[in-house]
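Colleague: Mind having a look at this structure? Questions to follow.
Where a number appears in this text, it was derived from the coordinates with a stated rule and is not lab data. Quick caveat, the model's predicted, so the values are computed rather than measured. Neighbour counts are summed over all protein chains in view; Cβ atoms, including those assigned to glycine, are modelled from backbone coordinates with ideal geometry.
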Amino acid sequence: MKRVFEVIIIGGGVVGCAVAREFSKYRITTLLLERESDVAFGTSGSNSGVAHAGFYMPPGTLKARTNIEGHRILPGLCRDLDVPYREIGKLVVAKEEDEIPYLEKLKKQGDENGVRDLRIINDRVMGEIEPNIHGIRALHSPTSAILCPFTLTIALAENALTNGVRFLLNTVVTGIQSNEREFIVRTNRGEFISDFVINSAGLYADKISEMAGISGYRIYPCRGEYHILDRNKSGLIKHLVYPVPPINSGGLGVHLTPTVHGNIMLGPSAEYIEDKDDEGNSADTMDSLYKEAIELLPGIEKRDFIRSFTGIRAKLISSGSEKPADFVIKEEFDGFINLVGIESPGLTSAPAIARMVVDIVKRKRDLEIKSDFNPRRKGIIRFSELPANKQATLIQKNPNYGRVVCRCETITQQEIIDAIDNPLNAISLKSIKNRCRAGMGRCQGGFCGPKIVEIIEEMFSPGVREMTLKGDGSELFTGRVRDAREGMGNER
Ligand SMILES: Cc1cc2nc3c(=O)[nH]c(=O)nc-3n(C[C@H](O)[C@H](O)[C@H](O)COP(=O)(O)OP(=O)(O)OC[C@H]3O[C@@H](n4cnc5c(N)ncnc54)[C@H](O)[C@@H]3O)c2cc1C
C-alpha cells in the first residue's frame, strides 16, 4: 500500500530536520526519510559546531543571507529546544603582516552583511583576551558562538516529531517519479506519495536531483579531519581561534574550536576525495593538523588527543568555475524543492533555510497554523552539570542517578536509560552517545560500552546480534560465547 503525505523531506541532517520542524508549525502532513539509523549521522554530526556571525560570506549571496538570519534565530531556538549555545566570540588571527589585508576584507564584508561589533585588534589587546595565542593582529567577532551540532539536529527532529512529523529511519530513497498531480518516492521500504518533495540529502543532493530528472549538479566531497583534545586542556583558550586560511584551501583553515562540552577541537583539514562516504583519518593529515595548530597555540601536545573524526563538505562547483557555488535553495519544478551545495555555513543557516522552504510552499498553498504547536523540547537531564544539592535530590528520588556508568564524562545510568528511550527510537551505541555523551571521554567507551549494552539488553531484550555501533553493517557481536549467569550456575 502506498502511503500519502503532503510533504516528503529527504535527509535527516540539520537542514532536513530544521525544515521538518518548520513544517510542524502548520497543518500539513509531513514525512522525513533518512537512510541511516538515526538523524545527524551525516555531515551534521561531524563539523566545527560554530554559529558563524556572518563575515565570511560575500554580501548578496544566499550563504550570507541565510547565515545572518540563522545566526539571529539560533539563540532563541536553542533555548526552546534545550540545546546548549554559548556566545564565546571568535578571533581570526594574522601571524604575518601580509595576512592583515585578509582581516580587513573580512571586516568590510561582515560590516556590509550587518554583523555587529567587529573590530580589528592588535597583539597587545589579543594578549589580554587570549594570552596563549600567537599572532600580530586579529579580527574579533564577539557574537560568534558554539553549539553541539548533533544535539541541535536531534532536538529539531524530536520537536518536529512531537508536533506530528513522521520520521522513517533506515529508509533509502532509490527513485522519484513525478506526474502532474504528485510525486512517487521509491525507497527500500516501499513507496510514498506526496505533493512536495524537499531534497536535503547533503552529499547526495545531486543524486536525488538526478532521480527527479534534474541534471547539472555535481557535489564534490571535501574531507575535513579533526583531533579532539582532552577536557583537561579546556583552559588553554576562551574564544574560537581561526587562522588566515591558505588561498583556495577549500575551508576556513585549521582552527581551534572550544566545544560546549569543554573540549577543544583542532581542525579541519581540507582534501578533495572520490568517495563521499570515506570518513577515514590519515596519519599524515593528522600530523600536519597538529603542526598548523601549534603555530597558533604552542601549548598543545599529541598526548592530549583523545579522538579523531572526519566531516565531509558537500561542495557544489558550478560548471565553468573552480570556486564553490552559492547555496541552491529553489523550486526546480512544480513541488520539487532543491537544497543543494549546503556546505558551511549550513549548520548556522539551517533555521533560515527552513523558513525559506516553507515560504516557497506558502506561495502555492494556504498553510494553517497549528494552535497546539509546542515550540519547546526538553533534553535529557545533564546530571554532572547540576549543583550538588540538586544531584542529591535526584538520587534520592531515583537511585539510577547515583550510579555512574561513563566515568570519564560522569554520565549516570538514568541518563543512559533516557537516551535509549528516545522518541526517534534510534538505538545504537552512537545514538546513545550522541544523546547523553556516554563514551565521549578519554577512554572512548572502553569502560562504559559493555555496561550500556547490558542496559539495552535489560530494557529491550534484543538478541546480541541486533546490537550495532551505528546501524546495519556495524554489528557489535557475532553471537554469545556463554551466558555469564548460566556459566556461574554450571560451576556450582
Ligand atoms: C568539516 C566541516 C566543518 C563545518 N563546520 C561548520 C560550522 O562550524 N558551522 C556551520 O554553520 N557549518 C559548518 N559546516 C557545514 C555544515 O556541517 C553543513 O552545511 C550541514 O551539516 C549540512 O546539513 P545537511 O542536512 O544539508 O546535510 P547532512 O547532515 O549530510 O544530511 C543529509 C542526510 O541525507 C541523508 N541521505 C542521503 N542520501 C539519502 C537517500 N538516498 N535517502 C535517504 N536519506 C539520504 C544522509 O544520510 C544524511 O543524513 C561544516 C562542514 C564540514 C564538513
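Colleague: No other cysteine beta carbon under 4.7 Å away is the test; run it over the chain and list who passes.
Modeller: Cys with no partner Cβ under 4.7 Å: Cys17, Cys78, Cys148, Cys222, Cys408, Cys436, Cys443.
Colleague: How long are the semi-axes of the ellipsoid equivalent to the range 383-491, from square roots of 5 times the Cα gyration tensor eigenvalues, in whole Å, largest first?
Modeller: Details: eigenvalues 132, 62, 34 Å².
Here the semi-axes work out to 26, 18, 13 Å.
Colleague: Calculate, in whole percent, how much of the Cα-Cα pair population of the range 259-316 lies beyond 20 Å. Walk me through the numbers before you get to the answer.
Modeller: Working: 525 of 1653 pairs.
Roughly 32 percent, once rounded to a whole number.
Colleague: Run the dipole for the chain about the Cα centre, Lys and Arg Cβ at +1, Asp and Glu Cβ at -1, nothing else charged, and hand back the magnitude in debye, nearest 20.
Modeller: That gives the chain a dipole magnitude of about 1240 debye.
Colleague: Okay, moving on. In nm, to one decimal, how far is the modelled label at Ile247 from the one at Ile193, with both set 7 Å along Cα→Cβ?
Modeller: 5.7
Colleague: Additional query: Going by amide H atoms built from the backbone, whose H comes under 5 Å of the H on Ile219, apart from near neighbours?
Modeller: Asp206
Colleague: Can you tell me how much longer the chain between Lys397 and Ala283 gets when fully stretched, taken as 0.36 nm per residue apart minus their C-alpha distance, in nm with one decimal?
Modeller: That works out to 36.2 nm of additional length.
Colleague: If you bin every alpha carbon distance in the range 404-459 into 10 Å steps from zero, what whole percent lands in each bin?
Modeller: Taking every Cα pair in the range 404-459, the percentages come to 28, 62, 9.
Colleague: Another one. Taking the number of other C-beta atoms within 10 Å as the exposure measure, put Lys433, Lys95 in order starting with the fewest.
Modeller: Lys95, Lys433
Colleague: So what is the calculated 222 nm ellipticity per residue for the chain, using -39500 (n - 2.57) for each DSSP H run with n of 4 or more, over all residues, to the nearest 500 deg cm²/dmol?
Modeller: -9500 deg cm²/dmol
Colleague: Next up: From the square roots a ≥ b ≥ c of the eigenvalues of the alpha-carbon gyration tensor of the range 320-413, which class results: rounded (a/c under 1.5), prolate (a/b over b/c), or oblate? Intermediate values should be presented prior to the final figure.
Modeller: Values: a/c = 4.73, a/b = 2.04, b/c = 2.32.
Oblate, because a/c is 1.5 or more while a/b does not exceed b/c.
Colleague: For Lys364, which lysines qualify as cross-link partners when the Cα separation must be under 28 Å and same-chain residues fewer than eight apart are set aside?
Modeller: Lys2, Lys25, Lys63, Lys207, Lys330
Colleague: Which lysines have a Cα less than 25 Å from the Cα of Lys433, not counting those fewer than 8 places away in the same chain?
Modeller: Lys233, Lys276, Lys302, Lys378, Lys390, Lys397, Lys451, Lys470
Colleague: May I ask for the distance between the Cα centers of the range 380-397 and the range 61-136, given as a whole number of Å?
Modeller: One Cα centre to the other: 35 Å.
Colleague: Something else: Trypsin sites (Lys or Arg not before Pro), restricted to the range 142-231: which are DSSP loop and have at most 10 other Cβ atoms within 10 Å?
Modeller: Listed in order of number, the matching sites are Arg181.
Colleague: Report, by chain and number, residues whose modeled amide H sits under 5 Å from the one on Arg307, excluding near sequence neighbours (fewer than 5 apart, same chain).
Modeller: Sorted by chain and number, the residues that satisfy this are Ile228.
Colleague: Classify the chain from the C-alpha gyration tensor, please: rounded if a/c falls under 1.5, else prolate or oblate depending on whether a/b exceeds b/c.
Modeller: oblate
Colleague: Can you tell me the length gained on complete extension of the stretch Lys291 to Asn132, counting 0.36 nm per residue apart and subtracting the Cα distance?
Modeller: This chain segment gains 55.6 nm when fully extended.
Colleague: Considering the Cα trace of the range 156-255, what is its radius of gyration and what is Dmax, both in angstroms?
Modeller: 20.4, 60
Colleague: By its C-alpha gyration tensor, with a ≥ b ≥ c as the square roots of the eigenvalues, how is the range 79-176 shaped: rounded for a/c under 1.5, else prolate for a/b larger than b/c, else oblate?
Modeller: Judged from the Cα gyration tensor, the range 79-176 comes out prolate (a/c at least 1.5, a/b above b/c).
Colleague: Quick check: the distance between the Cα centres of the range 179-233 and the range 29-50, to the nearest angstrom?
Modeller: That distance is 10 Å.
Colleague: Would you compute the Debye intensity of the range 23-76 from its alpha-carbon atoms alone, equal scatterers and no solvent, and pass along log10 I(q)/I(0) at q = 0.15, 0.23, 0.24, 0.30 Å⁻¹ to two decimals?
Modeller: -0.69, -1.00, -1.00, -1.04
Colleague: In nm, give the distance between the simple-model label positions of Leu476 and Asn170, each being 7 Å from the Cα along the Cα-to-Cβ direction.
Modeller: Taking the simple label geometry, Leu476 and Asn170 are separated by 1.6 nm.
Colleague: What full-extension length gain, to one decimal in nm, is calculated for Asp82 and Ser234 as 0.36 nm per residue of separation minus the Cα-Cα distance?
Modeller: Extra length from Asp82 to Ser234 when fully extended: 52.4 nm.
Colleague: So how strong a dipole does the range 383-491 carry about its Cα centre when Lys and Arg Cβ are +1 and Asp and Glu Cβ are -1, to the nearest 20 debye?
Modeller: On the way: 15 positive and 14 negative charges, 81 e Å.
For the range 383-491, the charge dipole is close to 400 debye.
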